[in-house]
Amino acid sequence: MSKTENNLMEKIVSLCKRRGFVYPGSEIYGGLRGTWDYGPLGSELKFNIKQEWWKTVVKDREDVVGVSASIIMNPKVWEASGHTASFTDPLVECKICHQRFRADQEDVIKEHEKEHSKRKEKVAWTEAKKFNLLVEVKLGVVEGEKNTTYLRGEITPGVHVNFKNILNSSHLKIPFGVAQIGKAFRNEITPGNFTYRSIEFEQMELQYYVRPDKKESMKQYDYWKELRMDWYKNLGIKKSNLRFREHAKDELAHYAQAAWDIEYNTPFGWKECEGIHHRGDWDLSRHQKYSGEDMSYFDAETKEKFIPWVIETSGGVDRAMLFFLIDAYHEEDERVVLKLHPKLAPYKAAVFPLLANKPKLVEKARKIYQELKKDFEIAWDDRGNIGKRYFSQDEIGTPFCITVDFETLEDNAVTVRNRDTTKQERVKIDDLIRYFSDKLS
Ligand code: ATP
C-alpha cells in the first residue's frame, strides 16, 4: 500500500469515528480485534444499503421472498453444509514473534516480513495448518453437559433448511428465490483493513432455485451476475472501480458450476465485494442426506420431481458500506465531501436558521424541519456560521442544505444548496416536499 493510499484509509477511519459512522468495538475496554460498532450515521447508512438491496432483490419482484433464520442452528446443519470439515483457512505462524497469519494473504505476509526486516530480522514461517473459522458456542445450563454448536459462519444454510417450509407455506413456482440479510461470524486469522475483514459482519444473500438444466441455469446465473453488478453502479460506485473476477480452477468448490466475484478497487488492492455462485444441487441434496427429509420440488404442470439447482449471490453489508464510503470520499478546495448517492446518504437534507439568536428565523426553520422530517431523514444545525454548517454536512454526505433567512419571512422561500455543485437556488416552502421527492427518487 502506498503512502497516499494508506492516508486515504486513515482519513476514512478517522472521519468514520469523528462523525459517528463506525467506532472500534468495546473501545473503552481496549477494544476487541476485528469488531466494530456502528454509530448514529453508520447505522443509517447501513440501514439504507440493506433497504436498497431488499428493494431490488425482493420488494420489486414477484419471484423472491425473504426469510430471517436463527443465527444459532443445530450443529448437524454445519456437518451437512461441509463447514465443520472444510470451512478452513491455511494458517502460518511467524517463528520470531508467534503472530499468526493467513498463508494465502500475500500482502499481509509481506507487510509482516517487512516489519521484521526493518529490525534486520528474517522471518521463518511454520508449515501451513488448516484452521476452522467457525466460532463455537456452548449451549445448556449444566456445566460439563453443555452442547457445542456454532455461530453461523455464513447465512446460507438458514435458507436451505427452510426450503420445504417455504414451499409449503407459499405459492412459489420454480424458478424462485429466497433472500436473507443477517449476521455471520468467523474466527478470521487476520482481521483487518478496517471493517473489510471482521469477525462479526452482515451478509445479504439470495438463493435462487432453478430447474436442474445446464442451459436454463446458466441463463439465470448470467442474469443475476449482471443485476448485482448494476446495483453497485446504480448506487453511484464508479464503473472503473468495479470489475468481475472469475474463480480460478483451484479456488472453485468441487460442486460449483460457475463462480465469479464482484471486486472493488480499494486503496489496498482489488478486493471481493460479493460472490455469485452456481452451486448445483449441493446444498439441498446434502441437507436431504443428513436430515432424511425429502428436499425435492414437484412441478404440478410437468409432473416432474427434482432437486433444484441454486444460483447464489452473496454480498457483505459492511464491505459494501466501506466501498461506498471509499468511492464517495472527495477532497475539494477546502472541503471534504462524501458524494454518497442520495438514497444512501444518512440525511437527505439539513435545515438551518441563518442566525440562531433570531427567534423568528428559528421558529420558521423548526417548522420546515418538523414538516420534512415526516417524509425524509433530516438534520438540524444552528451552530456556527453557515459556511461551517455546509462543510459539516458535506463531510457526512447530506445532499441538500436548506437555509431560512430574513427573506424567507417575506417570500416564504428558502435557499437550497446542492452538495455536489455547491450551487444555490430559491425554492418555495410549499414546493419543498415535491422538490426533494423529485431529486431523491
Ligand atoms: P474472503 O475471500 O475475503 O475471505 P469469502 O470468499 O470467504 O471472502 P464468502 O464466504 O463468499 O466470502 O462471503 C460472502 C461475502 O461476505 C463476501 O463477499 C464479503 O462481502 C462478506 N464477508 C465474508 N467474510 C467477511 C469478513 N470477515 N468481514 C466482512 N465481510 C465478510
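Structure above, values below:
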| quantity | calculated |
| --- | --- |
| For the chain, built as a Gaussian network whose Cα springs stay under 10 Å, the top-fluctuating residue of Ser392, Ser86, Ser170 | Ser170 |
| Under the Debye formula (equal points on every Cα, no solvent term), log10 I(q)/I(0) of the chain at q = 0.06, 0.10 Å⁻¹ | -0.33, -0.84 |
| For Glu377, distant residues with modelled amide H under 5 Å away | Lys348 |
| Contact order normalised by residue count of the chain, Cα under 8 Å, 6+ apart, percent | 13 |
| Kirkwood Rh (inverse of mean 1/r, distinct Cα pairs), region 86-241, angstrom | 19.8 |
| Region 251-383 - Kirkwood radius from inverse mean 1/r over Cα pairs (Å) | 20.3 |
| The chain: angle of helix 40-54 to the longest principal axis, Cα-based, in degrees nearest 10 | 60 |
| Probe 1.4 Å, protein heavy atoms only - accessible area per residue of the chain in square angstrom | 51 |
| Sorted largest first, extent of region 313-441 alpha carbons per principal axis (Å) | 53, 31, 21 |
| Accessible heavy-atom area order of Leu172, Leu344, highest first, probe of 1.4 Å | Leu172, Leu344 |
| 5 Å binning of all Cα-Cα separations within region 165-280, expressed as whole percents from 0 upward | 2, 9, 16, 19, 22, 17, 9, 5, 2, 0 |
| Region 192-300, relative contact order in percent, only Cα pairs under 8 angstrom and at least six apart counted | 18 |
| Prolate/oblate/rounded call for region 247-312, Cα gyration tensor, a/c under 1.5 rounded | prolate |
| Helix-derived mean residue ellipticity, 222 nm - over the chain, DSSP H n ≥ 4, -39500 (n - 2.57), to 500 | -10000 deg cm²/dmol |
| Relative contact order [Cα under 8 Å, 6+ residues apart], region 377-423, whole percent | 29 |
| For region 30-106, the Rg and Dmax computed from alpha carbons only, in angstrom | 19.3, 58 |
| Kirkwood-type radius of region 10-162, with distances r between different C-alpha atoms, in Å | 19.8 |
| Shape call, region 115-166: gyration tensor on alpha carbons, a/c limit 1.5 | oblate |
| Separation between Cα centres of region 128-171 and region 47-63, rounded to whole Å | 25 |
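The values are calculated or read from the model by the stated rules, or taken from the named source; none is laboratory data. In this text, all values refer to a predicted model and were calculated from it rather than measured experimentally. Accessible surface areas use protein heavy atoms only, side chains included; no ligands, DNA or RNA. Shrake-Rupley method; radii C 1.70, N 1.55, O 1.52, S 1.80 Å.
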